[in-house]
1. Between A:S278 and A:E341, how high is the FRET efficiency from 1/(1 + (r/R0)^6) when r is the Cβ-Cβ distance and R₀ = 25 Å? Nearest 0.05.
2. Among the aspartates and glutamates, select those whose C-alpha is under 15 Å from the C-alpha of A:K255, and discard any that sit fewer than 8 residues away in the same chain.
3. With θ set to phi - 60° and the Karplus curve 6.51 cos²θ - 1.76 cosθ + 1.60, what are the ³J(HN,Hα) couplings of segment A:324-334 in order, to the nearest whole Hz, using x for Gly and Pro?
4. Hey, can you find the accessible area per residue of segment B:276-345 for me, probe 1.4 Å, expressed in square angstrom?
5. Which GluC sites (Glu not before Pro) does segment A:135-237 hold that lie in a coil by DSSP with at most 15 other beta carbons within 10 Å?
6. Could you list which residues have their amide H under 5 Å from that of A:Y4, counting only those 5 or more apart in sequence or on another chain, with H placed in the peptide plane?
7. Give me the percent of the accessible area of segment B:135-215 that comes from carbon and sulfur atoms, probe 1.4 Å, all protein chains in place.
8. Mind checking which of A:V12, A:T141, A:I317 is farthest towards the positive end of chain A's charge dipole, using Cβ charges of +1 (Lys, Arg) and -1 (Asp, Glu) about the Cα centre?
2 protein chains.
Amino acid sequence: MQKYIVIMAGGVGSRFWPRSRKRMPKQLLNIFGKNSMIRDTVERVLPVADYENILIVTNKVQKALIEEQIPELPAENIIAEPRGRNTAPCINLAAEIISKRSGDSVMITLPADHLINDEKKFLEDLEKATDFAENNDALLTFGIKPEYPNTGYGYIKILSGSENDGVWQVDRFVEKPDIETAKGYLKSGDYLWNSGMFVWRVSVILDEIKKHLPELYNDMNIICEDDRFYTTLSDIFERITPVSIDYGIMEKSDKVWLVPGDFGWSDVGSWETAYQLSSKDINGNAIHGNTLTIDTKNSYVHSDKVFTAVIGMNETIVINTGDAVLVCPRDKSQKVKEIVEYLEKNNINGLI
Amino acid sequence: MQKYIVIMAGGVGSRFWPRSRKRMPKQLLNIFGKNSMIRDTVERVLPVADYENILIVTNKVQKALIEEQIPELPAENIIAEPRGRNTAPCINLAAEIISKRSGDSVMITLPADHLINDEKKFLEDLEKATDFAENNDALLTFGIKPEYPNTGYGYIKILSGSENDGVWQVDRFVEKPDIETAKGYLKSGDYLWNSGMFVWRVSVILDEIKKHLPELYNDMNIICEDDRFYTTLSDIFERITPVSIDYGIMEKSDKVWLVPGDFGWSDVGSWETAYQLSSKDINGNAIHGNTLTIDTKNSYVHSDKVFTAVIGMNETIVINTGDAVLVCPRDKSQKVKEIVEYLEKNNINGLI
């Protein structure tokens, strides 16, 4: 049975403004090391699937840049959704394409913008999940063992005592908790971070979509990779209702299982996370580009080109892209999206 | 007797980087309101002297910009020193020119980069000083009544009981004090801030220069506003020793008097001072240009053109000139000159 990787790359990532833009979302940025996160995501799964079996589902404005960053991918494997309709249509579309190309196959769905430190462990866990998916009618999700009471993630509760070869049955999905609830989750040991990574056979996910989202299933079922592909897709995406795979399928299906992952996973959600995950100098600063820091500590300073001087600051984020500058304390980096909202409201389109 | 204004405008003002540059020192910047400080300085004294009687002594790189900012000034009244030799040569040169143009005259010497809030009071005090200077062989200086124990200014101690028509004899000049000493000065009432503003007759200052700096006097005495003016000046400035008017004359002469000034004087010495003297919005922010501030308080944000977003900061200075950005806490703004030192050391001449 063939294995396919589906990388979901439709996000905008406005919390990485001013570096992230509609045409340059965070997954296409080089924030760590030499590659973008999407290129890292592709390279990471090459031991599992050839480029021919890697699909990226994105949008029109990002397609060209993805082709540029990953020239090894066949052009027809980078699919541009006509408009964003959340994750269920995206996954349905990819499953339909795989099914029509190769019949029943294992489908591994990954977000494009996550960081994974321990690739070896990740591939081991992935193998465990694909084996399980190949042999069971199961929708598998990766649950990340929480390291601290994070209030920014959704959690998945496993069913005590349901373990089967290192795979657990899922009791339920829970929303982002408040800090006290998150502390309780951490203590209980039954709650894992929802990573948004899934493994299943296309026949299984398509059956579940048919059952829980029959209209979507019927719409997607007609697509065919011929000359009319994008025209048909446009019509379909125009009328379908946005729905997430979590809400539309995972929270309703009785076939949901979980593989606990412990491979140094991070959702790179803000400049604060980028700071945490960056290597620092002896002053605790993560500094890139044309910058000068004096008496500055525990700060993240990035300047593409323009000279940026930071004196006497502590725990501060300074990002200079030449056409825009951001200054904010590290613990306020979630608020960066308010700037993007302001720019959108005021039609300052050159900066979003 | 004619009255002349001499404006000393040779400074670089590196503490206003990145807005201040060698070609654009702080006195030429529009930091407050609609005019540069040098233009304000000129307009302020127009009730006392016509443009023909206003001289500006500057350097070669600033001359063109001063001509542009003050087109009403006769070109020959903007004198470019071949090189900076501190204030005594500058004053000697101006006194010599005035003396040769108009014979003995009252000469009012002002720095180009100070802020004066109460122009009416300033003009009243100036009139008092010019009257005294016209009728006495005196070197008058303006002493500013201290409002707080400033450690960044030099002080002038007056002689108790020496008052004569609101003018006091000077006991001595003292260097920038430490905070305890400054507190003592404030308490005693006999110490005033040294404003660097002087009033005298040219015959009196030239006699005192002849007495205390005879070599300088002899050198300057030969200058003449003919075709060879700048050639002669070059030769003279090449060989003369730099010396300040305070050290070279004021601290040695027995003709020094002081007019206490109380006209809202400020030496605009740093971005912190600029913040203090700016008008603020309800969040205590002084904001200029293409900026967005969210949850930001008591900060100074200036951006010439490039969009600059500041979130969640407090008491911070952010200056964006498009080719350079500065971020620093308000209480560290004295350190800005360290950036200029870095740029000079590394020959990054485009930014200094």
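The values are calculated or read from the model by the stated rules, or taken from the named source; none is laboratory data. Everything numeric here is computed off the predicted structure, so don't read it as measured data. No Cβ is skipped: glycine too gets one built from the backbone with ideal geometry, and neighbour counts run over all protein chains shown. Quick note on the areas: whole protein, heavy atoms, side chains included, nothing else; ligands and nucleic acids left out. Shrake-Rupley method; radii C 1.70, N 1.55, O 1.52, S 1.80 Å.
1. Working: r = 26 Å, r/R0 = 1.05.
E(calc), rounded to 0.05, equals 0.40.
2. Here the aspartates and glutamates satisfying the reach criterion relative to A:K255 are A:E134, A:D137, A:E163, A:D171, A:D207, A:E208, A:D246.
3. 7, 10, 10, 10, 7, x, 3, 7, 10, 5, 5
4. Details: 2900 Å² over 70 residues.
Ligands and nucleic acids excluded, the figure is 41 Å² per residue.
5. A:E147, A:E163, A:E175, A:E225
6. Under 5 Å from the amide H of A:Y4 lie the amide H atoms of A:V106, A:M107, A:I108, each far enough along the sequence or on another chain.
7. On the way: 1720 of 3860 Å².
Carbon plus sulfur share of accessible area: 45 percent.
8. A:I317
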